Structures are given as structure tokens and as C-alpha cells.
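Structure record follows, encoded as C-alpha cells.
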Ligand SMILES: NC(=O)c1ccc[n+]([C@@H]2O[C@H](COP(=O)([O-])OP(=O)(O)OC[C@H]3O[C@@H](n4cnc5c(N)ncnc54)[C@H](O)[C@@H]3O)[C@@H](O)[C@H]2O)c1
């Protein structure tokens, strides 16, 4: 058991990392700015990571710091570039400096696969060189700069680090304005889901609990001063998301296609092979199961009824459902459950990850 501090531990990803750390028996302190943690059994310090003395005081006794506090919304970063650099980059150097002063064993930095935006290769891995004119976004540059600072702090001061480059996470507590909650909201309200273009834009979504699990594995000695891509294992297109919502909620979910917009950019094939080889990490939750859990969370947190539709998921009295042989709610099996079980048996669990033409990825996924 170790004393662990986590900045941004009240946020979407941080809250799941907190859950995993607590489950593993660590003594956790959430460092967040005015936002309390989602659970009451962890310590909390109201810390602004931009303020060095507050982070220095809050990390006095801790052995590990997971640093997740940042401007994470790229649209906000676009509108507020100065604040983004201040929070993301100055925040990181403050955390590293506090770690150095307090003798912290390791700082874990939340980075992103967006750092590959400027790479010239389409197939990228942790050692792919950055192409400096190509970062293309203040958010990306703020994370690249943060990564450089981690290396500097090791080379200059022997402050150990681990960099985790997240893929695109989804799951309970995710932000409302992203495509998955938008589609769920529309479908639950009986509105059509609209897709721009042919819906072939993709991301390798990673279920947030899988992502959180990697943080525990990254505490190993082997991960010291290393960088890992934590990318989802298969391509999920916009069309797949809409079809999965229909799969869960029934044929009544309408999907409409709108003309394509300009501005989408080419994505990269990001390898998560190093995390598998060295940490034994790979995503376990397939997209249907992850979407099922996200749907239940979304409906519960918004007090929305899951509608009874032909072929869809029937809410029943309890919320138990059996997916991949595991009970995730309470109640009898129904059409959707039986289809999930049938697809699992037929080995179609990865069907949503089939190959889709083109590597166009929407920035606004
Ligand atoms: N969500 C994604 O798609 C994604 C993808 C790749 C990387 N990341 C990175 O993962 C990390 C977590 O992202 P998230 O989606 O959970 O974001 P989030 O916005 O849900 O959480 C960020 C947390 O940081 C806290 N915070 C903001 N300003 C602070 C300050 N000055 N001092 C202390 N805490 C402060 C917020 O209150 C919030 O709890 C970020 O570093 C983000 O850049 C996110």
C-alpha cells in the first residue's frame, strides 16, 4: 500500500483511477480545484496546480503522484490558449518540482495520443519522432511540452516519471458534449441520431475502467521513465456507435445521415503493443459491453427511462443484465441480452471493430 496523490482526481478519468487505486488498497488523496471527489472514502485537498506552494504542501508525504489535472476539452483549449498552457504545462512543471522537493518516487503524466498528430508516419508507436510544425493544436503542444519536462526532470534532477498517452476514453462520467452521450441522449429521448457524412470516421475508443487499470500496472519498476500508449484495441466508427445504440435500444432508434463537413483530419494507427508487452495491459471491455454500461449510467444519472422497443433492451424492474456471462444489473434476459450472448458465442464481439475504409477521424468525437 502506498500514499498516492492524484491531481484532477474528481474528473472523468481521474475518478476511475481513484476507484482502481482504492480497490488496490492504496491510500489516496485527491488534489482537485474546488471539485470534491465522487466518493467519500478518500482524502481531498483543494489544490490549484497552477499555484506551486499549494501543490508543494499537498504532496509532502506522498510516494506517487498521478497528474491528470488539465484543460482536457480541446474546444475549450482552442478558445483559451493562454490558460491551457498555464494549466497544462505550468501545472505539470509545478507537479514535477513539488515531487522533486518532496522526494516523490514517481510522477505519472496523463498525456494523449494526439501528440502523434504531427508525425509523418500513419503507424505510430512510443518512439515515433514528432514533427514540430505538425502538432496543430495548443492542447497537443501543451502535452508535448509536459512530456519534455518529464524527461528534463529525470535528466537534470533524477525525478522519475511515467508518461501515459491515453487513447479516446468513454464510459460513465464522461463529458456530455461528446458523441456517445449525445447519441444516447437522442435515442433515449426518442429523437433521431444524426451522422455527418457516411459515418466512417473512427477512433479506437477505450473503456475508461480499462484505461484506469493501466495506471496500477504502470506503478511497476519496469515502467519507470517509460512512455506507454493506452489505445483501444479496435476501430469504432461513428456509424458503429449509432448502430450499437440501436442494438441496445431497439430498431426504433432512427439514424439519419447529413452531408459531410470539412475539417476532419487524418488519424493514426497507434500501437499499444508496448503496454501489452511490458505491463501486461490490454483493453478487456468490448465496445458493446462498454456502451451498455455507459447507457445504464447515462439513463440513471439523467433519470431517463430506458424505453421498451422491439428488439431492444427492456429495462425490467431491476437493472441486472448478463453480458459476457457476467451480471451487470438485475432482471430477466431480454432481446438485447440474448443477442449480446449470441454474438459473443459466435465470436462477433469484435464485429464493431471491423476494417473501415479511410483513416478520417473527426476532431469532435
Ligand atoms: N478525456 C479525454 O478524451 C482525454 C484523452 C487523452 C488525454 N486526456 C487527459 O487526461 C486527463 C484527464 O482528463 P479528463 O477527461 O478526466 O478531464 P476532466 O476535465 O474530466 O478532469 C480534469 C480535472 O482537473 C481538475 N482541475 C482543473 N483545473 C485544475 C486546477 N487548476 N488545479 C487542480 N485541478 C484542476 C478539474 O476540476 C477536473 O476534476 C487530462 O490531463 C487530459 O488532458 C483526456
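The values are calculated or read from the model by the stated rules, or taken from the named source; none is laboratory data. Here the structure is a predicted model, which means the values were calculated and not measured. Positions of Cβ are generated from backbone atoms using ideal geometry, with glycine treated the same way; all protein chains shown enter the neighbour counts.
Could you pull out the residue among 157, 139 that is over 22 Å from residue 268 (Cβ atoms) and in contact with a helix residue (DSSP H, G or I) (Cβ under 9 Å, 6 or more places away or on another chain)? If you could, list the steps in order and put the result at the bottom.
On the way: 139 fails: over 22 Å from residue 268 (Cβ atoms).
Of the residues listed, the single one that is over 22 Å from residue 268 (Cβ atoms) and in contact with a helix residue (DSSP H, G or I) (Cβ under 9 Å, 6 or more places away or on another chain) is 157.
Has region 97-110 got at least one residue that is part of a loop (DSSP other than H, G, I, E, B), in contact with a helix residue (DSSP H, G or I) (Cβ under 9 Å, 6 or more places away or on another chain) and at pLDDT below 95? Taking every residue of region 97-110 in turn, none turns out to be part of a loop (DSSP other than H, G, I, E, B), in contact with a helix residue (DSSP H, G or I) (Cβ under 9 Å, 6 or more places away or on another chain) and at pLDDT below 95. The test for being in contact (Cβ under 8 Å) with a residue 40 or more places away in the chain, at positive phi and touching a helix residue (DSSP H, G or I) at 6+ places or on another chain (Cβ under 8 Å) does not hold for residue 167. Restricting attention to region 10-59, the residues being assigned to a helix (DSSP H, G or I), within 9 Å of the ligand (Cβ to nearest atom) and more than 18 Å from residue 107 (Cβ to Cβ) number 3. Just one of (1) at pLDDT below 95; (2) surrounded by 14 or more Cβ atoms within 10 Å (Cβ to Cβ); (3) farther than 22 Å from residue 84 by Cβ fails for residue 117. It is (3).
Candidates 77, 98, 70: the one that is without any contact (Cβ under 8 Å) to a residue 60 or more places away in the chain and crowded, with 18+ Cβ neighbours inside 10 Å is 98. Restricted to strands (runs of 3 or more DSSP E) entirely inside region 134-213, those with at least 1 residues that are away from the ligand (no atom under 13 Å from the Cβ) and surrounded by 21 or more Cβ atoms within 10 Å (Cβ to Cβ) are 161-166, 193-196. Residues that are farther than 26 Å from residue 287 by Cβ and in contact with a strand residue (DSSP E or B) (Cβ under 8 Å, 6 or more places away or on another chain) do not occur anywhere in region 120-131.
For residue 254, indicate whether it is more than 19 Å from the chain's Cα centre (by Cα) and not assigned by TED's automatic domain parsing to the domain that holds residue 157. First the steps, then the outcome.
Numbers: more than 19 Å from the chain's Cα centre (by Cα): yes; not assigned by TED's automatic domain parsing to the domain that holds residue 157: yes.
The answer is yes for residue 254.
Looking only at residues in region 84-104 that are away from the ligand (no atom under 15 Å from the Cβ) and touching a strand residue (DSSP E or B) at 6+ places or on another chain (Cβ under 6 Å), the one that is nearest to residue 48 (Cα to Cα) is 99.
Please count how many residues of region 119-133 are within 16 Å of the ligand (Cβ to nearest atom) and outside any strand (DSSP E or B). First the steps, then the outcome.
Restricting attention to region 119-133, the residues satisfying the condition of being within 16 Å of the ligand (Cβ to nearest atom) are 124, 126.
Keeping just the survivors that are outside any strand (DSSP E or B) gives 126.
Within region 119-133, residues that are within 16 Å of the ligand (Cβ to nearest atom) and outside any strand (DSSP E or B) number 1.
Within region 60-70, work out how many residues are part of a loop (DSSP other than H, G, I, E, B) and more than 7 Å from the ligand (Cβ to nearest atom). Write out each step before concluding.
Taking region 60-70 first, the residues part of a loop (DSSP other than H, G, I, E, B) are 60-63, 68-70.
Add one more test, that the residue is more than 7 Å from the ligand (Cβ to nearest atom), and what stays is 60-63.
The total comes to 4.
Looking at this structure, is residue 38 within 20 Å of residue 207 (Cα to Cα) and crowded, with 24+ Cβ neighbours inside 10 Å? So residue 38 does not fit the description; no.
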